[in-house]
Amino acid sequence: MGLPAKKSSRSSKRRRASHFALKKGELSFCSHCKKKILPHHICPFCGYYAGREIIKIKIKTKKGKKKKEEKLEKSSKKKKNEPEKK
């Protein structure tokens, strides 16, 4: 392995190292849902890539809404099963 012939100064080291900094990544828009995503990746929100559905995404619901929906379904089933009173 070769050794440097002369000591490199602080400024020359820092000038050289200025290109090592991380650059901000670019985001593109999903063609289906128009949200920002990484380019050349499947959209994590809708599962589409290049205009086609690649994966199916489960819809996230809040726990409170889910419980309310279950209660409404149970109450509507009870009403249907009860005989009509005259």
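In order along the range 2-9, the phi-based Karplus estimate (6.51 cos²θ - 1.76 cosθ + 1.60, θ = phi - 60°) of 3J(HN,Hα) comes to x, 10, x, 6, 10, 5, 8, 6 Hz; Gly and Pro are listed as x. Could you pull out which residues in the range 5-29 have an amide N less than 14 Å from a spot 7 Å beyond the Cα of residue 40, following the Cα-Cβ vector? Taking a point 7 Å out along Cα→Cβ of residue 40, the residues of the range 5-29 whose backbone N falls under 14 Å are 26-28.
How far, in nm, would the chain grow between residue 28 and residue 54 when pulled straight, counting 0.36 nm per residue and subtracting the alpha carbon separation? Walk me through the numbers before you get to the answer.
Values: separation 26, 0.36 × 26 = 9.36 nm, distance 1.78 nm.
Full extension of this stretch gives 7.6 nm more.
Where a number appears in this text, it was derived from the coordinates with a stated rule and is not lab data. Computed from a predicted structure; not experimentally measured. Every residue, glycine as well, gets a Cβ built from its backbone with ideal geometry; the counts of neighbours run over all protein chains shown.
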